[in-house]
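One structure is given below, encoded as structure tokens.
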Amino acid sequence: MIESIFNSSATVSQLTMSQALLTFAVAILLGGMISWTYMKTQTSPSPSFTLTMTILPVIVAVIILLIGSNIARAFSLAGAFSIIRFRSAPGDSKDISYVLFSMASGLACGVGAYGYAALFTVLLCALMFILRAVKFGVSKESMKTLKVTIPESLGYEEAFDDIFRKFNIDYELKKVRTTELGSLYEVIYAVKLGPNTDQKELLDAVRTRNGNLDITLTMNPALQE
């Protein structure tokens, strides 16, 4: 019986109501499991993306059911989807993996491989939890962006070298621009802070050097143009 579940496939030419309802139910169940895994493994899950993870397997499964083995229908659907443009902002690579995860689950449901769809969904969800638990790929040192405003009298090239060496910080000068009609410089560094770095003490040392002008330490290392 177990083999029949894993070997079942929607190869019949005529789509039945029971088959469609079963596919819909399994797809939405697996989508909910993937969505729940996403919420539990992400630091700040997006509500809209969580909803997408629930619906996407169902949509993909329905598309596969409608296409079936009809080549002409497959080409017409491909042409229809080619005119759709997605205007969402680029997501995290981890979010993209969840999208592919959901699509694979929906594809498996669409072809009738319910057993394999459930099996691989459970295994991949478990893998997501394991990778988060062991903090796989997470560096103990965090990259941040340090933006400092300095007076024109202070040379920006080596203004804070001794401070960075004192706190054992790896850094790279990313951008320099003038502000306030050239009377001030805005210097942007990419800095790598260790787990034991006292950020307050670091900022106090920097503001003492730059004369209490503006300082911004951004958690996201991406630079804003």
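The values are calculated or read from the model by the stated rules, or taken from the named source; none is laboratory data. Note that the structure is predicted; figures quoted are calculated from it, not measured. Cβ placement follows ideal geometry from the backbone for every residue including glycine, while neighbour counts extend to all protein chains displayed.
Key figures
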item	result
Residue list for segment 149-197, restricted to those being under 31 Å from the mean Cα position of the chain (by Cα), in a loop (DSSP other than H, G, I, E, B) and either loosely packed, with under 12 Cβ neighbours inside 10 Å or at positive phi (or both)	N168, P195, N196
Unique match (being of a type in the set (A, V, I, L, M, F, W, C), at pLDDT 85 or above and surrounded by 15 or more Cβ atoms within 10 Å (Cβ to Cβ)) among L123, L146, L65, L127	L146
Exclusive hit being farther than 30 Å from T43 by Cβ and either without any contact (Cβ under 8 Å) to a residue 60 or more places away in the chain or assigned by TED's automatic domain parsing to the domain that holds T43 (or both), set D170, D204, D161	D161
Tabulated pairs, segment 43-69, first over 18 Å from A25 (Cα atoms), second crowded, with 16+ Cβ neighbours inside 10 Å and among the acidic types (D, E), C-beta under 9 angstrom, 6+ apart or interchain	S46/D95; F49/D95
Condition met for L181 (farther than 12 Å from V148 by Cα and not charged (D, E, K, R))	yes
Those residues of segment 68-112 which are acidic (D, E) and at pLDDT below 75, in sequence order	D92
Leading residue by the ranking (farthest from K144 (Cα to Cα)) among those in segment 207-223 that are over 34 Å from the mean Cα position of the chain (by Cα) and in contact (Cβ under 8 Å) with a residue 40 or more places away in the chain	G211
Options E152, E172, E180; residue that is charged (D, E, K, R) and modelled with pLDDT under 80	E180
